[in-house]
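Undergrad: Sending over a structure as structure tokens; questions will come in a sec.
The values are calculated or read from the model by the stated rules, or taken from the named source; none is laboratory data. Quantities reported herein were computed from a predicted structural model and do not represent experimental measurements. Cβ coordinates were reconstructed from backbone atoms using ideal geometry, including for glycine residues, and neighbour counts include every protein chain displayed. These accessible areas exclude ligands, DNA and RNA; they are computed on the full protein's heavy atoms, side chains included. Shrake-Rupley method; radii C 1.70, N 1.55, O 1.52, S 1.80 Å.
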Amino acid sequence: MECRWQPGKSVPQHMDYTLFYWHNGLPQTMQCKHYLQTKGMNTGCLFQSSELEDYTSFNICVNGSLKEDLIMTKYFTLETHNLVKPDPPQRFNLNVSQADKIDMDWELPPGMVPPQCLEYEVQITRDYDLWKTKLIQDEMSFTLHKWNPKHSYCFRIRSKVNILCADDGFWSEWSPYQCVKALERTTEIVLGIAAALIGFVLGMISFILLRNKRLKKKGVVVPCSV
């Protein structure tokens, strides 16, 4: 988790900011271990996952000091579960059935969010047109019914902590998309070309046989060709 603050407009460049934090999982108040700096001044803190506690109040105190004076201390309380931005599912599968449907299922995204705390959005596009969104709750699968095999369909997915576990949250980034391509259309084109070639060859054979038959009637000797 990254926490940043904005220094006051009249604060000199040599201001020394410090951040302290505590939550129910700590025996005592702790100071930030990884400060983020702007022009040599502490303007933020980077918290590792081991320093955080799930589903508890996260209390922060930011103060500053100069050699000649102290700066007013600021206190903040954050609910960490409202700040979680999960990863998207890294793997999902597409299965085309014979019942005119595409089944999609996915694995849990990496991270520490419990499965029951996640909801998902699936997006579908046909022939790389506009994306249409479906909200998925309490499941890790989705079925697209009545798909047309003459068109290509692409899918992608993202995740978010649901209302059961957070008052609010952030959607993850979208996963890479996967597509079911219009294979039938390609097959039709190949078959059409093959049929045209066969028709052309049969037409040529018929023409040669008919020509030879006419030449024989006229007494013309037709040389054999290999």
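Undergrad: Quick check: residue separation of Asp129 and Glu79 times 0.36 nm, minus the Cα distance between them. What number comes out in nm?
TA: Roughly 14.1 nm would be gained on extension.
Undergrad: Also: Which of Lys39/Lys74; Lys160/Lys181; Lys101/Lys160; Lys85/Lys160; Lys39/Lys85; Lys85/Lys132 have a Cα-Cα distance over 18 Å?
TA: Pairs exceeding the cut-off: Lys39/Lys74; Lys160/Lys181; Lys101/Lys160; Lys39/Lys85; Lys85/Lys132.
Undergrad: So what J values fall out for region 152-169 if you push phi through Karplus, 6.51 cos²θ - 1.76 cosθ + 1.60 with θ = phi - 60°, rounded to Hz, Gly and Pro as x?
TA: 8, 10, 10, 10, 8, 8, 9, 9, 7, 6, 7, 5, 6, 10, 7, 6, 7, x
Undergrad: Between Met140 and Thr56, what FRET efficiency follows from the Cβ-Cβ distance if R0 is 25 Å, with the result rounded to 0.05?
TA: It comes out at approximately 0.35.
Undergrad: Right, something else. What distance in nm separates the two pseudo spin-label positions at Lys9 and Glu173, each 7 Å out from Cα along the beta-carbon direction?
TA: Those two pseudo-labels are separated by 3.7 nm.
Undergrad: Still on this structure, please answer the following. Carbon-plus-sulfur fraction of the accessible area of region 62-172, 1.4 Å probe, in percent?
TA: Result for region 62-172: 50 percent of the exposed heavy-atom area is carbon or sulfur.
Undergrad: Still on this structure, I have one more. How much net charge surrounds Pro88 when only the other residues with a Cβ under 14 Å from the Cβ of Pro88 are counted, with Lys and Arg +1 and Asp and Glu -1?
TA: 0
Undergrad: For Lys101 and Ala196, calculate 0.36 nm times their separation in residues minus their Cα-Cα distance, and state this gained length in nm to one decimal.
TA: Here the segment from Lys101 to Ala196 would lengthen by 30.9 nm.
Undergrad: Next question. Accessible surface of Arg156 in the full protein assembly, 1.4 angstrom probe, to the nearest 10 Å²?
TA: Result for Arg156: roughly 50 Å² accessible.
Undergrad: Give the calculated FRET efficiency between Met72 and Ser49 to the nearest 0.05, with a Förster radius of 25 Å applied to their Cβ-Cβ distance.
TA: The value I calculate is 0.20.
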